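Input: a single structure, listed below in structure tokens.
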Amino acid sequence: MSHHIVEAVDLQYTYPDGTAGLKGVSFRISHGESVAIVGENGAVKSTLLLHLNGYLTAAQGTVRIGDYPLTKQNLKAVRRSVGMVFQNPDDQLFMPTVFDDVAFGPLNLGLAKEEVVLTVNRALETVGVAHLKQRPPYKLSQGEKRAVSIATVLAMSPDILVMDEPTSSLDPRSRRRLIELLKTFRHTKIVATHDLDMALDLCERTIVLHQGRITADGPTQKIMRDEELLRSSSLEKPLRMQSCPVCAGEKKAF
């Protein structure tokens with residue numbers, strides 16, 4: 001199962017305006033791991049994710065997917081293996097109908113039309129939006145767009161699922177439904193998120209990014225309890241791990 005492995009070695013990236021982005025980022029993610037990448041705004045989480053399937057190319061360092069380094073020559077195969085769900089669903093949905101969007105990838109893989117129909121229906125049913133398949137994407141709610149964007153990736157049967165802020169703009173019920181869905185994906189998951197409670201629910205491992213560097217990499221529970229680490233990385237403990245000020249006030253009253 002080596003094709004499920006993601007490895008970055010000394011990734012360095014500078015933005016076109018000269019601002020330093022990644023500053024020597026290295027990690028290895030093994031088959032079946034669920035890994036959260038957390039950090040404050042500007043910690044370059046999205047930039048890191050865009051290196052994992054070749055949307056951005058590092059000035060220095062390498063990315064390996066399975067046994068092979070990510071190069072221009074094998075970019076198509078890497079993108080087939082690494083399914084990317086962008087932070088903004090509108091960046092991923094561009095066809096006249098939901099069905100067309102989800103079918104776009106399988107059609108480009110050369111699947112027969114009958115197989116494409118089965119694949120699209122299965123992906124839409126998996127994310128709970130099969131009833132939307134004839135709707136124009138621009139008429140969907142943010143939660144519906146998010147579900148469809150995930151379906152477009154699932155239809156490609158990726159070995160590795162990479163997601164950028166998947167719970168942003170979701171109401172609580174849609175957020176919970178998404179987390180439960182992601183728990184069913186048994187392959188490798190990499191999730192960049194501000195939602196530290198979701199990281200606790202979904203990921204046994206967390207990588208903390210701060211100012212373009214990895215400041216911690218370890219078990220999620222341990223990292224979320226390290227108040228000094230979180231504070232120095234401009235983060236706070238997940239809500240469920242914070243004491244309730246109202247309850248604390250009531251206790252003092254007694």
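Screening ALA123 against (1) surrounded by fewer than 22 Cβ atoms within 10 Å (Cβ to Cβ); (2) touching a helix residue (DSSP H, G or I) at 6+ places or on another chain (Cβ under 9 Å); (3) modelled with pLDDT under 95 leaves a single unmet condition, (1).
Among the residues of region 185-204, those that are in contact with a strand residue (DSSP E or B) (Cβ under 7 Å, 6 or more places away or on another chain) and either aromatic (Phe, Trp, Tyr) or buried (at least 20 other Cβ atoms within 10 Å of the Cβ) (or both) comprise PHE185, THR188, LYS189, ILE190, VAL191, ALA192, THR193, LEU196, ALA199, LEU202, CYS203. The requirement of being surrounded by fewer than 20 Cβ atoms within 10 Å (Cβ to Cβ), under 21 Å from the mean Cα position of the chain (by Cα) and closer than 23 Å to GLU180 by Cα is fulfilled nowhere in region 97-108; no residue meets it. Scanning region 172-184 for residues that are within 12 Å of CYS203 (Cα to Cα) and either crowded, with 20+ Cβ neighbours inside 10 Å or of a type in the set (A, V, I, L, M, F, W, C) (or both) yields a total of 2.
Taking the criterion of being charged (D, E, K, R) and modelled with pLDDT of 90 or more, would at least one residue in region 67-85 satisfy it?
No, region 67-85 contains no residue that is charged (D, E, K, R) and modelled with pLDDT of 90 or more.
Residue by residue through region 52-91, note down the ones that are in contact with an Asp or Glu (Cβ under 6 Å, 6 or more places away or on another chain) and not in a loop (DSSP other than H, G, I, E, B). Within region 52-91, GLY61, ARG64, SER81 meet the criteria. Please name all residue pairs, on different chains or six or more residues apart, with Cβ atoms under 9 Å, provided the first residue is in region 65-83 and is at positive phi and surrounded by 15 or more Cβ atoms within 10 Å (Cβ to Cβ) and the second residue is modelled with pLDDT under 85 and of a type outside the set (A, V, I, L, M). Here the result reads GLY66/SER2; GLY66/HIS3; GLY66/HIS4, each pair linking region 65-83 to a residue that is modelled with pLDDT under 85 and of a type outside the set (A, V, I, L, M).
PHE94: part of a helix (DSSP H, G or I), modelled with pLDDT of 90 or more and either touching a helix residue (DSSP H, G or I) at 6+ places or on another chain (Cβ under 9 Å) or closer than 21 Å to THR184 by Cα (or both), yes or no? First the steps, then the outcome.
Working: part of a helix (DSSP H, G or I): no; modelled with pLDDT of 90 or more: yes; either touching a helix residue (DSSP H, G or I) at 6+ places or on another chain (Cβ under 9 Å) or closer than 21 Å to THR184 by Cα (or both): yes.
Here the answer is no, as PHE94 does not meet what is asked.
The values are calculated or read from the model by the stated rules, or taken from the named source; none is laboratory data. Since the structure is predicted, the reported quantities are computational estimates derived from the model, not experimental observations. When we count neighbours, we look across all protein chains shown, and the Cβ atoms used for this are built from the backbone with ideal geometry, even at glycine.
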